[in-house]
Every structure is written in structure tokens, then in C-alpha cells.
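Participant: One structure, pasted below without further comment.
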Amino acid sequence: MFTATCVAPVNMALVKYWGKRNEELILPINDSISMTLDANEMCAKTTVAASESFKENRMWLNGDEQPFQANARLQRCLDGVQRLALAHGGAHRFPLSWKVHIASHNNFPTAAGLASSAAGYACLVYTLARLYDVPLDEQLTTIARQGSGSACRSLYGGFVQWQRGSSADGSDSIAVQLSPATHWPNMHMLILVVNDARKKTGSTSGMQRAVETSALIQHRATQVVPQRSKELKVAIEKRDFNAFATITMKESNQLHAIALDTFPPCVYMNDVSHSIVNFVHEYNEEAGSLHVAYTFDAGPNGCLYVLDEHVPHLLAAIQLAFPNDAQQSVEYLKGIPVPAV
Ligand code: DP6
């Protein structure tokens, strides 16, 4: 038997991916940019074993067996990595025909808008790559992308861009690292867990419905995101927190505006989420400049970006504004900021 075990971290989008131009290959309508967390914080851990004695491919997620054959994304990831293994001249330690058993665990809530599929598929593809001796390069990101779009960004640390690409086969829809985490070491991310229940409309169906019904989404993809991506790359390069925060918050707001412009609408944020938004704007107003930024994915939980020097003051203000015994309480991930690197 041959085995490999890896961990992959969560990434949180700054410029959001929302909408596909090809559902099957998972090709996006716009570029996206994200920041990857420390693999020790929120991560997926996957073990893959291949053996001559396994009768069929099987998969367990957090201890529960998942249907393998019925999961086209899973199958595509396995096929994709095996194809790359063949293309790399096949320094195979065992025949590709051997079946695999996959066991994956998340150390954070699944499908609650906390990017669990990103870490999960990134981890699956990376672990398969280790098992079959396939190097980490842009081709591998095209495989992770076919598990879950946002997963391709979790193959790299630091700041990462998923380039939309233009070819029909998706070969140029790849993730690239913009800069490693060490580039901006005092950047922190704090996650406010508002609700860890499973979301009503998943990202996949939410964005599909948005592409079909939103009158605003194409404008966003063609007129807004290209400029914002350019500006965010410059902000990251210069470590310009003010520009970084402005773009990040506007991006979050536009994602949720598109979600509301979808018919029937997708409502991901709740009252606590909105009070976090208000809190951040008031906090920045009082500080006299932007000290903190928020972003919300397809769920009610908030992610705050803040520089090291402002963390203690921000945490104290959060505890005051959202006391733990409030009716709708806000939990803090381990009560401390999650380092961005
Ligand atoms: C709001 O990557 O989960 O988190 O490609 O259909 O699996 P699929 O969708 P997924 O969507 C993530 C959407 C988002 C924004 C982002 O991560 O860029």
C-alpha cells in the first residue's frame, strides 16, 4: 500500500469569484484574488491510500462515507491528477489502475461560508499529486479548480490570483501566487463566526442562478473586476492598507448586491453580519483612517483584516460591541486573531 497525507489551508477572497462561464470545467467569468491563511489554523487534512487489494474508490469526509461514483468533481480531480502523472513520464511507484481510499477532515465548519470546499479540494488534489509524484505547478491548479473553483487559490500561500483565462478548454484558467505571506507579515485575519449552520443556497447554485438572472453580474465581471484586480495588486505590492481595505469592503458589498439582484434572491448575510459592517465603518470613522476591513463570502460569518498594531484595540472594541452573552452572539475563532501567514 502507498499513502500520502497533506494539509491545505483556507483562503478568503478579496476580489470575489462569483459566476461561471463553463459549469463543467469550472471556468469563472472574472479574475479573483485571495489571501491564504496559515495551514495550522483553518485547514483540511487528507490521507489518500492506494492499494492493489482495494476493490473500488472510496471517500470519507469527517468520518462519513461519501458517494464516490456519483461525485463528478471528485472523479474529475482523480482523473486529472492521474493524467498529469502520465504526462510527467510516470515515475510511478504503483499502477494507476490501483483503487484509492481517501479520508479528509476539516477543523472548521463545513459549508457555512468558511471556504471549506476550497481547502478540501486543494488538499485532495495536492495529496493525490504527492501520491502520484506530480509537481505543484499551474497545471495542478487547473485540476483543483475543477473540484471547486476557489480551491485552485489554496494551493499557494500568501496572496493569490486566479486568472479567468480565455481558452475554451480552461488551460489558461490558472492560479498564480502574487506574493508570499512574508511580504505582508503584519497582516492578520480575524474570523467572526456568526453562524456555523449549513447555508441555504450553496455557492455553486447561488452563482449559477446569478449568472442566469442578475442584470448586474455581467457589468461587474467586465467593467468592475478588471480595474479592481489591478488596483488590489498594486495595494498588496505597496502594502497600502487603505487601498486594500477600500477595495476589499467594496468587493464584499458588491458580491452581496449581486446575490440580492439574483431572482429569487440569495440572502447570505444576516442582522449580525450587517451590524459587523456598521461596526467596522464606525470604528474606522473614529480611528480617523481605515484600520480594519471586512469581507463576507456566501454566508453570514465575517472576516476582518487588520494590521498587527491595531489588533488589541480592535479586539477590545469587538468584545464591547458584541458581548458573548448577547442574544445573537459572535464567537471568535479561538478568541484571538488568526494570523494571515
Ligand atoms: C463566495 O469555489 O465554493 O467564496 O466553484 O461552484 O465550487 P464552486 O464554488 P466555490 O465558490 C466560492 C465563492 C466565494 C468567493 C470566492 O471564494 O472567490
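The values are calculated or read from the model by the stated rules, or taken from the named source; none is laboratory data. As the structure is a computational prediction, the values presented were derived from the model and not from experiment. Heads up, the Cβs are rebuilt from the backbone with ideal geometry, glycines too, and the neighbour counts pull from every protein chain shown.
Participant: Return only the number of the condition from (1) within 20 Å of Pro28 (Cα to Cα); (2) in contact (Cβ under 8 Å) with a residue 60 or more places away in the chain that Phe244 does not satisfy.
Facilitator: If we test Phe244 against (1) within 20 Å of Pro28 (Cα to Cα); (2) in contact (Cβ under 8 Å) with a residue 60 or more places away in the chain, just (1) comes out false.
Participant: Within the stretch 12-19, can one find any residue that is charged (D, E, K, R) and either free of Cβ contacts under 8 Å to residues at least 40 places away in the same chain or surrounded by fewer than 23 Cβ atoms within 10 Å (Cβ to Cβ) (or both)?
Facilitator: Of the residues in the stretch 12-19, the ones charged (D, E, K, R) are 16.
Next, from what is left, pick out any that are either free of Cβ contacts under 8 Å to residues at least 40 places away in the same chain or surrounded by fewer than 23 Cβ atoms within 10 Å (Cβ to Cβ) (or both): none.
No; the residues of the stretch 12-19 include none that is charged (D, E, K, R) and either free of Cβ contacts under 8 Å to residues at least 40 places away in the same chain or surrounded by fewer than 23 Cβ atoms within 10 Å (Cβ to Cβ) (or both).
Participant: Being surrounded by fewer than 18 Cβ atoms within 10 Å (Cβ to Cβ) and either modelled with pLDDT of 70 or more or polar (S, T, N, Q) (or both) is the filter here; which residues of the stretch 83-97 pass it? Reasoning before the result, please.
Facilitator: Residues of the stretch 83-97 that are surrounded by fewer than 18 Cβ atoms within 10 Å (Cβ to Cβ), as a first pass: 83, 86-97.
Once the filter is applied, which keeps residues that are surrounded by fewer than 18 Cβ atoms within 10 Å (Cβ to Cβ) and either modelled with pLDDT of 70 or more or polar (S, T, N, Q) (or both), the stretch 83-97 yields Arg83, Leu86, Ala87, His88, Gly89, His92, Arg93, Phe94, Pro95, Leu96, Ser97.
Participant: Does Arg145 meet the test of being within 18 Å of Arg21 (Cβ to Cβ), basic (Lys, Arg) and in the same structural domain as Arg93 (by TED's automatic domain parsing)?
Facilitator: Details: within 18 Å of Arg21 (Cβ to Cβ): yes; basic (Lys, Arg): yes; in the same structural domain as Arg93 (by TED's automatic domain parsing): yes.
Answer is yes for this residue.
Participant: Right, something else. Output the number of the condition that Gly206 fails; it satisfies all remaining conditions of (1) in the same structural domain as Pro28 (by TED's automatic domain parsing); (2) crowded, with 20+ Cβ neighbours inside 10 Å; (3) not hydroxyl-bearing (Ser, Thr, Tyr).
Facilitator: In the conditions (1) in the same structural domain as Pro28 (by TED's automatic domain parsing); (2) crowded, with 20+ Cβ neighbours inside 10 Å; (3) not hydroxyl-bearing (Ser, Thr, Tyr), Gly206 misses (1) alone.
Participant: Something else: Considering every residue within the stretch 275-288, establish whether at least one is within 16 Å of the ligand (Cβ to nearest atom) and in contact with a Leu (Cβ under 6 Å, 6 or more places away or on another chain).
Facilitator: No: zero hits.
Participant: Name every residue in the stretch 263-302 that is part of a helix (DSSP H, G or I) and either among the β-branched types (Val, Ile, Thr) or touching a Pro at 6+ places or on another chain (Cβ under 7 Å) (or both), in order of residue number. Reasoning before the result, please.
Facilitator: First, pick out the residues of the stretch 263-302 that are part of a helix (DSSP H, G or I): 271-287.
Scanning the stretch 263-302 gives Val272, Ser273, Ile276, Val277, Val280.
Participant: Quick one: which residue in Gln254, Gln227, Gln218 is free of Cβ contacts under 8 Å to residues at least 40 places away in the same chain and of a type outside the set (Lys, Arg)?
Facilitator: Values: Gln254 fails: free of Cβ contacts under 8 Å to residues at least 40 places away in the same chain; Gln218 fails: free of Cβ contacts under 8 Å to residues at least 40 places away in the same chain.
When all the criteria are applied, what remains is Gln227.
Results for (1) assigned by TED's automatic domain parsing to the domain that holds Lys16; (2) within 13 Å of the ligand (Cβ to nearest atom); (3) under 17 Å from the mean Cα position of the chain (by Cα); (4) among the aliphatic types (A, V, I, L, M), shown as yes or no for each residue.
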residue: Ser117; (1), (2), (3), (4): yes, yes, yes, no
residue: Ala151; (1), (2), (3), (4): yes, yes, yes, yes
residue: Arg164; (1), (2), (3), (4): yes, yes, yes, no
residue: Ala168; (1), (2), (3), (4): yes, no, no, yes
residue: Ser173; (1), (2), (3), (4): yes, yes, yes, no
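Participant: Within the set of pairs 6+ apart or on separate chains, which have a first residue in the stretch 69-81 that is free of Cβ contacts under 8 Å to residues at least 24 places away in the same chain, a second that is part of a helix (DSSP H, G or I) and not small (Gly, Ala, Ser), and C-beta atoms under 8 Å apart?
Facilitator: Taking only residues 6 or more apart or on different chains, the pairs are Gln69/Gln75.
Participant: Considering the stretch 175-184 alone, what residues qualify as being within 16 Å of the ligand (Cβ to nearest atom) and over 15 Å from Ser32 (Cβ atoms)?
Facilitator: none
Participant: While we're looking at this one, here's another question. Out of all the residues in the stretch 139-149, which are under 17 Å from the mean Cα position of the chain (by Cα) and outside any loop (DSSP other than H, G, I, E, B)?
Facilitator: Initially, the stretch 139-149 is screened for residues under 17 Å from the mean Cα position of the chain (by Cα), giving 140-149.
Residues satisfying the conditions are Leu140, Thr141, Thr142, Ile143, Ala144, Arg145, Gly149.
Yes/no per residue for (1) at positive phi; (2) more than 16 Å from the ligand (Cβ to nearest atom); (3) not assigned by TED's automatic domain parsing to the domain that holds Cys6:
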site: Glu24; (1), (2), (3): no, no, no
site: Asn40; (1), (2), (3): no, yes, no
site: Lys45; (1), (2), (3): no, yes, no
site: Ser51; (1), (2), (3): no, yes, no
site: Glu56; (1), (2), (3): no, yes, no
site: Gly63; (1), (2), (3): yes, yes, no
